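The values are calculated or read from the model by the stated rules, or taken from the named source; none is laboratory data. Not measured: the values here are computed from a predicted model. Every residue, glycine among them, receives a Cβ derived from its backbone with ideal geometry; neighbour counts consider all protein chains shown.
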Amino acid sequence: MEIKAVKVEIPDGCNIILGQTHFIKTAEDLYEILATHIPHAKFVIAFTEASGPCLIRSEGNDEELRQTCIRNLQNIGAGHVFCILMRGAFPISVLNAIKMCQEVCNIYCATANPVEVIIAETDQGRGILGVIDGNSPGEIEGDEDIAARKKFLRFEAEGSSFSLSFQVTSLAGP
């Protein structure tokens, strides 16, 4: 067995959701979730089959993102993996609905950070062991960092099509 790291391409201004699924209908079902939850956004879902013709299937509304999603899955080379790229929306807007999709087995990451996928390769094929999402932690958050985080969350809640009020409320303190 060989273990490798595969860098994932995330276009500027995009977020990625990478996960594991198990059925040919995944592309259609995840497309419906994206189209109903973030109709204003550009997005693509691509999915790799793990049996039969082992095709990469895709649905979406942006050809550039479609090609990037497909390249990512070709580079990862594991079956039953899905890649969602979205521009103009955040994963928080769709993540719970994606988790509830009956074909979805696992979510590896939902981020705009640089991502590396750790894969194992055997004679049978490849599988995802996990991901490296972003960078290692640095210092501990201080008072100025806390204030900046709260200001960011309030701005995003007011300026976006989704609400972060549950986070802002929980961060407000006594």
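Points worth noting:
- Members of the range 126-144 that are modelled with pLDDT of 95 or more and in a loop (DSSP other than H, G, I, E, B): none
- GLU103 in the same structural domain as THR36 (by TED's automatic domain parsing), under 26 Å from ILE33 (Cα atoms), among the charged types (D, E, K, R) and in contact with a helix residue (DSSP H, G or I) (Cβ under 8 Å, 6 or more places away or on another chain): yes
- Which numbered condition ALA50 misses (of (1) farther than 18 Å from VAL94 by Cα; (2) modelled with pLDDT of 95 or more): (2)
- Identity of the residue in the range 63-114, part of a helix (DSSP H, G or I), of a type outside the set (Gly, Ala, Ser) and touching a residue at least 60 places away in the same chain (Cβ under 8 Å), that ends up nearest to ILE24 (Cα to Cα): ILE98
- Test: GLU121 is farther than 23 Å from ILE33 by Cα and surrounded by 13 or more Cβ atoms within 10 Å (Cβ to Cβ): yes
- Residues being surrounded by 22 or more Cβ atoms within 10 Å (Cβ to Cβ) and over 18 Å from GLN102 (Cβ atoms) are represented in the range 18-32 by at least one member.
- Index of the failed condition, ASP12 passing every other in (1) under 17 Å from the mean Cα position of the chain (by Cα); (2) of a type in the set (Asp, Glu); (3) surrounded by 14 or more Cβ atoms within 10 Å (Cβ to Cβ): (3)
- Counted residues, the range 51-70 - those being loosely packed, with under 14 Cβ neighbours inside 10 Å, within 21 Å of ARG126 (Cα to Cα) and not polar (S, T, N, Q): 4
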